[in-house]
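Everything below concerns the one structure shown next.
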Number of protein chains: 2
Amino acid sequence: KTHIDCLTARKIIRLPGLIDIHVHLREPGDSHKEDWQSGTGAALAGGFTLIGVMPNTKPPITNSDNYGLVSKLATAGAKCDYALYLAATADNSKIVSKMAQNNRVLSLKMYLNNTFGDLCLPDMTDWMKHLQNWPKNIPICVHAERQTTAAIISLAHLYDQPIHICHVAREEEILVIKAAKEKGMKVTCEVSPHHLFLSEENIESIGGLQRSTVKPSLVSLKDQKALWDNMDVIDVFASDHAPHLVSEKDGSDSPPGFPGLETTLPLLLTAVKENRLTINDLIKRMYLNPKRIFNIPDQKNTYIEVDLDEEWVIPEAMPFSKARWTPFNGKKVFGRVRRVVLRNEVVFVDGRVLVSAGFGRNIFHTELSSAQTSTENT
Amino acid sequence: KTHIDCLTARKIIRLPGLIDIHVHLREPGDSHKEDWQSGTGAALAGGFTLIGVMPNTKPPITNSDNYGLVSKLATAGAKCDYALYLAATADNSKIVSKMAQNNRVLSLKMYLNNTFGDLCLPDMTDWMKHLQNWPKNIPICVHAERQTTAAIISLAHLYDQPIHICHVAREEEILVIKAAKEKGMKVTCEVSPHHLFLSEENIESIGGLQRSTVKPSLVSLKDQKALWDNMDVIDVFASDHAPHLVSEKDGSDSPPGFPGLETTLPLLLTAVKENRLTINDLIKRMYLNPKRIFNIPDQKNTYIEVDLDEEWVIPEAMPFSKARWTPFNGKKVFGRVRRVVLRNEVVFVDGRVLVSAGFGRNIFHTELSSAQTSTENT
Ligand SMILES: [Zn+2]
Ligand SMILES: [Zn+2]
Ligand SMILES: [Zn+2]
Ligand SMILES: [Zn+2]
Ligand SMILES: [Zn+2]
Ligand SMILES: [Zn+2]
Ligand SMILES: [Zn+2]
Ligand SMILES: [Zn+2]
């Protein structure tokens, strides 16, 4: 940086601690890709004081034992606050609905397209079991691409169950959600930065088809435009942070997913700078709406400070995630997280995470270790 | 037959002229598989005085020119009455809706799964165009398997468009339709005999995987049971008569479909004989319901006479269809069509079709050649 920069008055703004409801940590099972410490550190660096952690770990969070296992890892490792998802299987609808009554969770995740391994639920009779049993006051989150978006909206409507569509990526998906909302159906949705800021056109520059593998896949410019044109239909921005190593991505059977926790906010702030979004659009979708949709309690005395003017280029890898690469490498962005304050503690400042593993809490458990305790009781 | 049979008093009953709303004739394009004369003769032999003819001919009925071409072939060849479908494409929503306003047709057919060639519409934005433009008083008929069943019910509900689900085959499909009906949605459905009376278990005896190729594919016994268990959800029985030659079926790329016009009624009458259905169940689903759902005019002075007691074994091929094979070969059935009277003419008696090509009329055109005339005017 030049000396002149230093003398310039920077525009620092204070925002609420942001919420990213769609994060894959890889512990237990694949801690070399990410673990609770590295992932929650990346979250703080990215301006998130609260993350929703996906249940497709190894083992997945499909029953009380696995929930207890993950709760312990979370209690020990988390640097930011978090909430957990449960995962639906063909057989566990009664189990997970009971678990959700004992320990409030963020949501139930259902993988409805038939492209996923163990957790895939292509048969609608299995959806019906969950729609019947799951508590009606907690939305169910679904991976539901293309026609599956309309199918689950239909079934959820039949069972009067609020539904949240993850990572909407295509014109047909956002238009169906728009129409369903206009009809008063209980549907909300999220979009991820890689569908807003990348497209099929970027596959080569990202490093080819393998490296670009993600679900939903990178879309056409027409689909991308439909997302921007229907911004008012999008309730939430979520990273779908899904870290894998470069060596894994570039192998013959590339696992789908991109890291995103550390790049989501700068990309969106850049869109604000370019007048494609307002700062209020962003606060709504990264704080107010997730909080309202999932009925998330307050994080008291929690906020972040962001330098809106700092211009930088996304490097080959962001510092905190173990993924050590990013599909946004080379993008010029505006906006840098300067300070993160979580429950009155300065937990991040100018590139350094200051807080120890274990500081983060399950947002739904008011007493410190109630998660663990109640799990041990079941 | 023995002499004793001849002396027995047979139970002959009179039924309304039956309606089969789902029939593929192959003219124009593949007249060697079926043409208007052979197909409508098979219909009469099967007890049907009215058939709904599918639009996936070569060329398909996607515009006025092709409609005019098929109308002329129909006028010249039909031995029973008929109604025509139009076919939806990504680009013809305005064209077909206007055609339907000028010449009443049975319905618009949309192929929504992505397994069909030219007429396939996997993208929901294309569904929306048709749902927006198609006249609301005519149900749209859809090929919509598995999740696609729920997806189209959802979209149709959003556009307040009555929808008819063709050849429901699976548990998840019938259960979704049941739930949608309970919620008051405007959905109806049909089931085909090969899903009621055949299953995966029959593939070998039919002659292997190639010969058994059909869409939807033959289902599991669990799915089949779900159809029977939810008989009250099924509005219509329809053959999905889809003739191909044995030489084509047994080739490496078997075209999907079975002939069905001549075997549907005997199979269902056998279910009546076995107390799995009542004769009223059958009249509802092969006459009253199709008439009501599609607002089909009366065929005056039209009925059929059926011998309920005659027991026979379905041969290798039924006499009238050019397909010259049937997947039901070897099945013992009860019930034989003795006489068919159409608009006061005896058109079929004891195995012989008595009427000439051209006797059949488009049921929606009251004056004899109005179909042709109005087409020439457009
Ligand atoms: Zn400086
Ligand atoms: Zn997903
Ligand atoms: Zn409704
Ligand atoms: Zn994900
Ligand atoms: Zn005899
Ligand atoms: Zn079909
Ligand atoms: Zn099933
Ligand atoms: Zn068909």
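The values are calculated or read from the model by the stated rules, or taken from the named source; none is laboratory data. No experiment lies behind these values; they were computed from the predicted model shown. No Cβ is skipped: glycine too gets one built from the backbone with ideal geometry, and neighbour counts run over all protein chains shown. Surface areas here come from the heavy atoms of the whole protein model, side chains and all, with no ligands, DNA or RNA. Shrake-Rupley method; radii C 1.70, N 1.55, O 1.52, S 1.80 Å.
Summary table below
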item: Condition check for A:ASP232: out of contact with any Ser or Thr (no Cβ under 6 Å at 6 or more places or on another chain), under 25 Å from A:ASN56 (Cβ atoms) and open to solvent by 30 Å² or more (accessible area, probe 1.4 Å); result: no
item: Strands (runs of 3 or more DSSP E) within segment B:249-360 that include 2 or more residues under 19 Å from the mean Cα position of the chain (by Cα) and either touching a residue at least 60 places away in the same chain (Cβ under 8 Å) or buried (at least 17 other Cβ atoms within 10 Å of the Cβ) (or both); result: B:303-313, B:332-342
item: Test: residue in segment B:157-172 that is among the hydroxyl-bearing types (Ser, Thr, Tyr) and not in a loop (DSSP other than H, G, I, E, B); result: no
item: Pairs where the first residue, in segment A:108-134, is away from every other protein chain (no Cβ under 11 Å) and the second is open to solvent by less than 50 Å² (accessible area, probe 1.4 Å) and aromatic (Phe, Trp, Tyr), C-beta under 6 Å, 6+ apart; result: A:LEU108/A:TRP134; A:LYS109/A:TYR85; A:LEU119/A:TYR111; A:CYS120/A:TYR111
item: Test: B:SER239 is within 14 Å of chain A (Cβ to nearest Cβ), touching a helix residue (DSSP H, G or I) at 6+ places or on another chain (Cβ under 7 Å) and either modelled with pLDDT of 95 or more or within 16 Å of ligand 5 (Cβ to nearest atom) (or both); result: no
item: Hey, B:ALA150 within 27 Å of A:GLU182 (Cα to Cα), within 16 Å of ligand 7 (Cβ to nearest atom) and hydrophobic (A, V, I, L, M, F, W, C) or not; result: yes
item: A:ARG146, sole failed condition from (1) closer than 21 Å to A:ILE21 by Cα; (2) open to solvent by 30 Å² or more (accessible area, probe 1.4 Å); (3) within 14 Å of another protein chain (Cβ to nearest Cβ); result: (1)
item: Which numbered condition B:PRO135 fails, given (1) assigned to a loop (DSSP other than H, G, I, E, B); (2) within 16 Å of ligand 3 (Cβ to nearest atom); (3) touching a helix residue (DSSP H, G or I) at 6+ places or on another chain (Cβ under 7 Å); result: (2)
item: Condition check for B:VAL214: part of a loop (DSSP other than H, G, I, E, B), within 16 Å of ligand 8 (Cβ to nearest atom) and farther than 17 Å from B:PRO327 by Cα; result: no
item: Among the candidates B:LYS11, B:LYS79, B:LYS98, residue that is surrounded by fewer than 21 Cβ atoms within 10 Å (Cβ to Cβ), basic (Lys, Arg) and in contact with a Leu (Cβ under 9 Å, 6 or more places away or on another chain); result: B:LYS11
item: Hey, B:SER239 touching a residue at least 60 places away in the same chain (Cβ under 8 Å), more than 26 Å from B:ILE140 (Cβ to Cβ) and of a type in the set (Ser, Thr, Tyr) or not; result: no
item: Scan of segment B:149-183 for residues that are charged (D, E, K, R), open to solvent by 10 Å² or more (accessible area, probe 1.4 Å) and at the interface with chain A (Cβ under 7 Å from one of its Cβ atoms), ordered by number; result: B:GLU171, B:LYS183
